[in-house]
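Since the structure comes first, as structure tokens, the remarks are kept for the end.
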Amino acid sequence: MRFQWTLILGLIFAVIIAIFAVINVNPVQVNLLFDVVQLPLILLILGCTLAGGLIVGFYGIYRQYFLQRKIKQLEAQVTQLGAAPVADSGPVGNVEFDKMYARTDDTASSFSDRKL
């Protein structure tokens, strides 16, 4: 459902840009640092929109590739840790929580009143 709303909003945005571009067909002067060219405003608007879409698309592809690599790395780490033998020394190891969180006196009632 979310994909459908995203597609609908994208199409509405594209139609608005197309209408805006068709209204503005006057030629404009564009300074390209090394040359000055005359272009219809419609081509400039559509070209800039296309360039922006390509930049966002390439960034999304790069981010997805990076995240897929990270997922594979973490899955390999989980597999490696799952295959390692674990020494059975009790449910939590050799930690004795009763001694670790001994009360300072008989009136200490909250966790913050206990000492390590």
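The values are calculated or read from the model by the stated rules, or taken from the named source; none is laboratory data. On a predicted model such as this, the values are computed, not experimentally measured, just so you know. FYI the Cβ positions are ideal-geometry reconstructions off the backbone, even for glycines, and counts take in every protein chain you see. Ligands, DNA and RNA are stripped out before the accessible areas are found, and what is left, the full protein with its side chains, is counted by its heavy atoms. Shrake-Rupley method; radii C 1.70, N 1.55, O 1.52, S 1.80 Å.
On a per residue basis, segment 10-79 carries 85 Å² of accessible surface, using protein heavy atoms and a 1.4 Å probe. Values of log10 I(q)/I(0) for segment 1-78 across q = 0.12 Å⁻¹ run -0.58, by the Debye formula with one identical scatterer at each alpha carbon and no solvent. Sorting F20, F66 by solvent-accessible area of protein heavy atoms yields F20, F66, largest first, with a 1.4 Å probe. The label-point distance for F66 and L43, in a model that sets each label 7 Å from Cα toward Cβ, rounds to 3.6 nm. 3J(HN,Hα) along segment 59-75, derived from phi through the Karplus expression 6.51 cos²θ - 1.76 cosθ + 1.60 where θ = phi - 60°, amounts to 5, x, 5, 4, 5, 5, 4, 4, 5, 5, 4, 5, 4, 4, 5, 5, 5 Hz, with x in place of Gly and Pro. What FRET efficiency comes out for F58 versus A83 if R0 is 30 angstrom and r is the Cβ-Cβ distance? Round to the nearest 0.05. The computed FRET efficiency comes out at 0.20.
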